[in-house]
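Undergrad: Once you've had a glance at the structure underneath, I'll fire off some questions.
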């Protein structure tokens, strides 16, 4: 049940954050990278919505592989969760972000759809899900989305039914960190402090075969 909650809520809230962040960027034709401070060249503005699995090409969400490789090197190039299914890691076409927390990632599981992945992990009395995607679909302009991006990575904080969800854009990829608690009084979910702290240490970059090939590093 926690996985389903994470997929649905994370997709709805986080995809809105991606669209809002991307609406403030453009693609430099000379380098192919995102440049902040200008709207993308689109004929009709649309409001993004739920993230989908491998069905709709990303709107301006190209991966910044140069920056991602820098993140890979900066994080040491290791995998803090070697227990993750390697076949699922290898088919993921975006850089995977993991927290630098061995206790949390020890029992982590990954579900990959190519350009969308979800990693789930359990903690005493709580569950954590981490997602990354470049795929969004448009919703009608009058669809209300109560999301206000903040900071250079378009970070958002959202209270969910049973926890907290943090969304941000890095390397041109939308990432979310969601914490769900069994007890409504659990301090980890009473406010967004724990979730924000977890997002802050979700910095380890992992690339499987598909991502390494796309980044020009070989499979």
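Throughout, read-outs are computed from the coordinates displayed, never taken from laboratory work. Owing to the predicted nature of the structure, the values given are computational and were not obtained by experimental measurement. Glycine gets a Cβ as well: all are built from the backbone with ideal geometry, and neighbour counts include every protein chain shown.
Undergrad: Length gain on complete extension for the stretch residue 200 to residue 183, per 0.36 nm per residue less the alpha carbon to alpha carbon distance?
TA: Between residue 200 and residue 183, full extension yields 3.7 nm more.
Undergrad: Using alpha carbon coordinates only, what is the Rg to Rh ratio of region 180-219, with Rh defined as the Kirkwood radius?
TA: Rounded to two decimals, Rg/Rh equals 1.33.
Undergrad: Using the beta-carbon distance between residue 102 and residue 159 and R0 = 35 Å, what value does 1/(1 + (r/R0)^6) give for FRET efficiency, to the nearest 0.05?
TA: Given R0 = 35 Å and the Cβ-Cβ separation, E is 0.75.
Undergrad: Neighbouring Cβ atoms within 10 Å as the yardstick, rank 180, 159 fewest first.
TA: 159, 180
Undergrad: Identify the residues of region 75-93 with backbone N under 18 Å of a label point that sits 7 angstrom from the Cα of residue 123 along the Cα-to-Cβ direction, or state none.
TA: 80-81
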